[in-house]
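No value in this document is a laboratory result; all are computed from the given coordinates. Everything numeric in this text was worked out from a predicted model, so none of it was measured. So basically every Cβ, Gly included, is an ideal-geometry build from the backbone, and we count neighbours across all protein chains shown.
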Amino acid sequence: MRIAIFGSMDVPPREGLEVLHYDIHNYTLDGQYDQIIVANALPELHRNKVIPFLESAYNALVNRGELILYVPSAEWAAKQIFTNTADNITYYMLYGEEAKPFRACYTMLALRTLVERVPFVVRSASENILKISTPEGETVKMPVHAITAVRND
Amino acid sequence: MTSTSSKPIVDIGIACNINQSYLWWKDVMTMLLQEVRYGDAEIGMLRTVGSALPDHNKNNIVGNSVKRLSLTDYNRTEITKGFLDGQADYIFWMDDDTAPPNNVISRLLKSGRDFIGGVYFLPSPPHHPIAYRRDPETGLYAPVFGYSDAALIQIDSIGFGCTLVHRSVYEKIRDNHTVFVRTNGSLAAIHNSRIQKPIVTRHAKKEKPYIRAGIYHEQYTQQEAGDTRQFPYYQLEYGRTEDHYFSELAESVGIKPWLDTSIVCTHYKMKGAGHDEYKQEEMKAEGLI
């Protein structure tokens with residue numbers, strides 16, 4: 001099994017598993033992958049680069065291969081702002097960090113629409129919690145949209 | 001038996017007949033026409049109870065024999081028999097007061113899920129979606145609440161006002177269950193893995209159900225060949241609606257329902273209720289208004 005990962009996420013090693021890490025700003029997807037995981041990296045892209053990226057992922061997957069996306073929940077962050085309870089994680093979800101600024105945030109509807117336009121078949125689209133490490137070494141929980149989509153020729 | 005058509009055949013099942021608004025007709029006919037002209041499905045039979053047909057067809061059902069005043073579980077079971085005896089690959093269930101959006105069947109088909117529905121809402125406050133998660137401790141169901149628009153999530157039970165089911169779900173349930181007659185004469189489907197032999201068709205001495213050491217005991221006899229009642233896919237019992245019963249049967253053969261919240265229906269009663277009414281309640285609960 002061959003997995004491509006964008007963003008900082010690890011997959012436990014096991015026999016027969018090949019894991020390749022890529023930078024979402026500078027990548028070449030060579031060959032075919034069974035799974036492509038994009039963890040918290042899509043918001044780093046300018047809007048005009050999102051569809052080309054998703055198309056690259058689609059073309060690099062084997063038939064029935066899976067794209068797994070984790071993207072900070074724009075709805076959750078907006079509610080924090082609206083109720084005046086925003087904290088550091090809220091601002092990170094909206095703006096990213098200095099080294100990796102976010103160019104866009106996504107509601108589930110916007111994200112799913114983009115993915116289906118490529119045209120992936122969305123198999124699940126749910127809320128999830130992603131644990132991320134801060135520069136200070138603290139682990140915080142971040143609400144994310146988690147989408148699993150497949151290439152179905 | 002499945003179709004040889006390039007598009008899957010989908011029967012339409014309408015088993016509820018309680019409140020019907022004239023507004024329902026326009027939405028549903030538009031949806032069906034859109035599906036026929038532009039959709040990815042071939043519409044098969046319309047299997048409906050009386051009030052979902054024009055007046056001259058009252059008390060009839062296409063491809064079946066359901067009377068309009070029968071209970072919903074009986075209607076669903078009879079409609080299911082007609083569906084399984086026919087050619088269709090899927091059945092799309094709706095009620096005669098739920099109006100699904102255009103292309104609903106094609107969109108549900110595209111998910112590749114065998115048991116999946118869209119969202120329709122309780123017509124009166126709190127307008128929660130008729131889709132549920134079960135508390136593993138109590139076994140009680142609570143409505144799905146506070147979800148993202150456009151989510152596609154696995155749940156524990158779903159109403160049948162906008163739900164697509166593949167025939168394999170029914171076949172798998174039927175093949176993995178045995179039907180018994182309870183002491184009150186009603187039917188119960190028991191998963192084969194939970195049946196200890198011997199299976200009996202008659203008890204020498206009739207005993208009333210009892211509880212011993214916290215375990216309920218009741219005499220069950222296997223349904224006899226001459227009993228013409230259909231497989232009990234749906235049961236209104238214990239104060240629960242028949243959708244819970246079916247969802248639990250499906251879960252027992254490894255199939256849980258999915259909910260696509262990008263598909264939103266209007267639930268007509270005297271006044272239509274939908275996504276806007278639900279959002280008002282959600283925002284109130286979250287202190288946003």
Answer rounded, prolate or oblate for the stretch A:67-114, using the Cα gyration tensor with square roots of eigenvalues a ≥ b ≥ c: rounded when a/c is under 1.5, else prolate when a/b is larger than b/c, else oblate.
oblate
For chain B, the longest principal axis of the Cα atoms and the Cα long axis of helix B:72-85 enclose an angle in degrees, to the nearest 10, of 90
Euclidean distance between Cα centres, the stretch A:88-153 to the stretch A:1-73, Å
13
Under a 10 Å cutoff between Cα atoms, tell me which one of B:Q219, B:Q196, B:Q87 has the largest fluctuation in the Gaussian network model of chain B.
B:Q196
Could you tell me the relative contact order of the stretch A:70-153? Use alpha-carbon pairs under 8 Å, at least six residues apart, and round to a whole percent.
33
Fewest-first sequence of A:T107, B:T183 by Cβ atoms within 10 Å of each Cβ:
B:T183, A:T107
Taking A:Y106, B:Y22 and counting other beta carbon atoms within 10 angstrom, the fewest-first order is B:Y22, A:Y106
Would you list the membrane-span-like helices of chain A, meaning whole DSSP H runs whose alpha-carbon atoms span at least 18 Å along their axis and whose mean Kyte-Doolittle value is at least 0.5?
none
At a Cα cut-off below 13 Å, give the aspartates and glutamates reachable from A:K79, other chains included and same-chain residues fewer than 8 away excluded.
A:D87, B:E282, B:E286
Roughly how big is the protein assembly as shown's charge dipole about its Cα centre, with Cβ charges of +1 (Lys, Arg) and -1 (Asp, Glu), in debye to the nearest 20?
1240
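So for each of A:85-93, B:199-207, B:239-247 I average, over its residues, the number of other beta carbons within 10 Å; can you give me the resulting order with the highest mean first?
Result, highest mean Cβ count within 10 Å first: B:239-247, A:85-93, B:199-207.
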I'd like the mean, over residues of A:108-114, of how many other protein chain beta carbons sit within 10 Å of each residue's own Cβ.
4
Aspartates and glutamates whose Cα lies under 17 Å from that of B:K110, excluding same-chain neighbours fewer than 8 positions away
A:E66, A:E116, A:D153, B:D11, B:E35, B:D40, B:E42, B:D89, B:D260
Of the listed links A:K49/B:K26; A:K141/B:K284; B:K256/B:K279; A:K141/B:K172; B:K172/B:K279, those spanning more than 30 angstrom between alpha carbons are A:K49/B:K26; A:K141/B:K172; B:K172/B:K279
How high is the FRET efficiency from B:L71 to A:N152, r the C-beta distance, R0 30 Å, rounded to 0.05?
0.15
Please compute, for peptide A:120-128, the average count of beta-carbon atoms on other protein chains lying within 10 Å of each residue's beta-carbon.
5
Assertion target for A:V50, B:V36, B:V119, A:V38, ordered by fewest C-beta neighbours within 10 angstrom first, is B:V36, A:V50, A:V38, B:V119
If you restrict to DSSP beta bridges whose two residues both lie in chain B, what percentage is antiparallel, to the nearest 5?
70
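I'd like the mean, over residues of A:27-34, of how many other protein chain beta carbons sit within 10 Å of each residue's own Cβ.
0
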Percentage relative contact order, chain B, counting C-alpha pairs under 8 Å, at least six apart
23
Among DSSP beta bridges lying fully in the protein assembly as shown, give the percent that are antiparallel, nearest 5.
65
Note on the stretch A:4-71: contact order normalised by length, alpha-carbon pairs under 8 Å, 6 or more apart, percent, works out to 39
Can you tell me which of B:169-176, A:72-79, A:12-19 comes out highest on packing, and rank the rest after it, using the mean Cβ neighbours within 10 Å?
A:72-79, B:169-176, A:12-19
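If you take all C-alpha pairs in the stretch B:153-279, what percent of them are over 21 Å apart?
So the portion of pairs separated by more than 21 Å is 54 percent.
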